[in-house]
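Here is the structure we will look at, set down as structure tokens.
What follows is calculated from the coordinates using simple rules that are stated; it is not laboratory data. Values in this document were obtained by computation on a predicted structure and should not be read as measured data. Neighbour counts are summed over all protein chains in view; Cβ atoms, including those assigned to glycine, are modelled from backbone coordinates with ideal geometry.
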Amino acid sequence: MNKLQQAFANGKAFIPFITAGDPSLVITKELVLQMAEAGADLIELGIPFSDPVAEGQVIQAASIRALSHGITVDHIFNMLRDIRKTCNIPIALMTYVNPVFAYGIDSFLRNCQETGVDALIVPDLPFEEKDELVPFCLKHGVYLISMIAPTSNNRIHLISKEAQGFVYCVSSMGVTGVRKNLGSDAEKMVKLVKEVNDIPCAVGFGISTPEQAARMAKYADGVIVGSAIVKIIEQYGSRCLPHVIEYVRMMKNAITEGD
Amino acid sequence: MPKGRFGIYGGQYIPETLMNAVIELGEAYEFFKSDSKFKAELNSLLKNYAGRPSMLYFAEKMTKDLGGAKIYLKREDLNHTGSHKINNVLGQVLLAKYMGKTRVIAETGAGQHGVATATAASLLGLECEIFMGKEDTQRQALNVFRMKLLGAKVNVVTSGTQTLKDAVNETLREWSRRVKDTHYVLGSVMGPHPFPTIVRDFQKVIGQEVKKQILEIEGKFPDVLVACIGGGSNAIGLFYEFIGEPNVRLIGCEAGGYGVHTKKTAATMAIGKIGIFHGMKSYFCQDEYGQIAPVYSISAGLDYPGVGPEHAYLHDIGRAEYVVVTDNEAVEAFEYLSCIEGIIPAIESAHAVAYAIKLAPKLNKNQIIVVGLSGRGDKDVASIARYRGVEIYE
Ligand SMILES: Cc1ncc(COP(=O)(O)O)c(C=O)c1O
């Protein structure tokens, strides 16, 4: 059974993103375990990639740090096996399509299934190309998450109809990264999705403060925060754990209060 | 074949943020490519501004010296701005203008595509920003200043390997920030559909002219076409008109760098594997986990870890051959052509010249080789001097 629904079952979901292997896989594992304790509902774990075109500087730098330690997809699956001994939190892997393709799509998804990965987020695999992975996702019981953006307009309908698990609403144009001002597009996007599909919507890209998260949570089912957390990891390195955990608690509180 | 596919290659592997932009581009292109006003304006620009048709020049001394096939040079180096890049750029910038865009952005490796884009933008009145890897801004410093002179803003890319692939990454990122008023003028037959098709269509004039010119001069088709391959735009431009002529051999020359047995190479077909990157399925230099490999060539314009999807297809069906030319062979050809014909080729084009030098003596005297001389070598003089140990400053 896929655990993804669990993530949206207790009120608004807080979804932290971290890059696997930054600053080390040992810390990544601890981060997953402790963020789960601290109130994270779903963890988005990034597979580092050499050329992450949808990423801003913060997550690009995390990818480079992880790759410079020689982190590979196999190391990450091994870490997930370890995590699954004690922790059942829903996990989504974020990866560019080439690492999946190079690994062998079927083997990659078989490993996902074995290690309890619930969903894949592949930013460079739009609706038109999703059949590259969908048959294998179905075979192995992993959701391929659909993304919609402020420029999706007429496409929202098309994409939402076939979406599974949850819909990832990209709240700002451009790449990932902390932003002072978030547009108001996300609210409209969520509405349009819900018109065609009764599916959870999580909003991400640019969110960093509790106020922003609370505002997004008013109409979204979940809030995804990446760069703000990766920045803390960058700042504190192997001593990042207490700082990240404190941040996760604060954000989860912020989105729960308005509930 | 489905739209935007060349066999299994091609496609549209880009973030959702950009999907409507490429769809809009595809629709606009389909509309304007048969619009008589657009066509007339583009043809006039190609003729009166770029200087087309470009000459097909019989390299008589070179032919004699090599003692084999007749060698003709398709002189794209004589185009305005000094390379074939202007063909594509005039088409795309004009299209952007017809689409109501007010700003263009582009990546550049050698700087030739950046210079061409800045040129077309200044002529047609669009704002222009160029993204160029830091390493390339150093080895092609003159072109950086040239772009600025033409009114473009040049952004130095310091991520990754600081070369062409990183410049593409950064231009894609910038496009996803600002699609409404901005068109991305992609510089080669790569990226997501419709770019490989659009760029090929704007470059196929090269081969169309060759067909006409060679029939006039020789009364028959060439036996071999040779061109260098970065993303593959000058090569497909030369080849396309002849794909349906099975007796014409098509040979693409990849940049071997120090050689394919070393890590310092950019010969994608020779060492790459099928992958998905920069919006397309094609061949890429990558490690076993699908991380894109750092590549190397003395030539900034060929220093790219991928190749256009149509070339991947022509490779697989055996219609075109792809060979490797090393730095050293290219530099020797650069010097050879300069001495023997008084033509200084771009170091990119010198890769094609190098292969023609090898091939010509093996063919007989009534056979014909047409070499795509994609650009002129002024931009490379300082770096070739440095390669030979002479420290000159531009
Ligand atoms: C003169 C010249 N030739 C060839 C190339 C390689 O590009 P393509 O393979 O798209 O023709 C470049 C790229 O910068 C160039 O400047």
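By definition, a body whose alpha carbon gyration tensor gives a ≥ b ≥ c is rounded when a/c is under 1.5, and chain A falls into this rounded group.
Charged side chains reduced to their Cβ positions (Lys and Arg at +1, Asp and Glu at -1) give the protein assembly as shown a dipole of some 720 debye around its Cα centre. Ordered by the number of other Cβ atoms lying within 10 Å of each residue's own Cβ, fewest first, B:Met132, A:Met79 fall into the sequence A:Met79, B:Met132. Placing unit charges on each Cβ (+1 for Lys and Arg, -1 for Asp and Glu) gives region A:1-48 a dipole about its Cα centre, and among A:Gly39, A:Leu4, A:Thr28 the Cα reaching farthest toward its positive end belongs to A:Leu4. From the Cα gyration tensor of the protein assembly as shown, with a ≥ b ≥ c the square roots of its eigenvalues, which class applies: rounded if a/c is under 1.5, or else prolate if a/b is larger than b/c, or else oblate? It comes out prolate by the Cα gyration axes. Peptide A:170-180 is shielded by partner chain Cβ atoms: per residue, an average of 3 of them sit within 10 Å of its Cβ. Give me the net charge for the shell around A:Val193: Cβ to Cβ below 15 angstrom, other residues only, Lys and Arg +1, Asp and Glu -1. That sum, taken over residues with Cβ under 15 Å, equals -2. Along the axis of the charge dipole computed for the protein assembly as shown (Cβ charges of +1 for Lys and Arg, -1 for Asp and Glu, origin at the Cα centre), the listed residues B:Phe6, A:Pro150, B:Ala28 are led at the positive end by B:Ala28. Entry note, region B:86-165: relative contact order of 30 percent, from Cα contacts under 8 Å with a spacing of 6+ residues. Note on A:Phe205, B:Phe6, B:Phe31: ascending count of other Cβ atoms within 10 Å places them as B:Phe31, B:Phe6, A:Phe205, the fewest first.
Seen through its C-alpha gyration tensor, with square-root eigenvalues sorted a ≥ b ≥ c, region B:102-209 comes out rounded because a/c lies under 1.5.
Let me know the mean shielding of B:273-286 by other chains, meaning the per-residue number of their Cβ atoms within 10 Å of its Cβ. The shielding value for this peptide is 4.
Short-range pairs are left out: with C-alpha atoms under 8 Å and at least six residues apart, the relative contact order of chain A is 24 percent. Each Lys or Arg adds one and each Asp or Glu takes one away; over the other residues whose Cβ falls under 13 Å from the Cβ of A:Gln60, this sums to -3. Counting neighbouring beta carbons within 10 Å and listing from fewest to most, the residues B:Tyr304, A:Tyr236, B:Tyr296 come out as A:Tyr236, B:Tyr296, B:Tyr304. 3J(HN,Hα) along region B:226-233, derived from phi through the Karplus expression 6.51 cos²θ - 1.76 cosθ + 1.60 where θ = phi - 60°, amounts to 10, 8, 7, 10, x, x, x, 6 Hz, with x in place of Gly and Pro.
With contributions of -39500 (n - 2.57) from each DSSP H run of at least four residues, the per-residue ellipticity at 222 nm computed over chain B stands at -12500 deg cm²/dmol.
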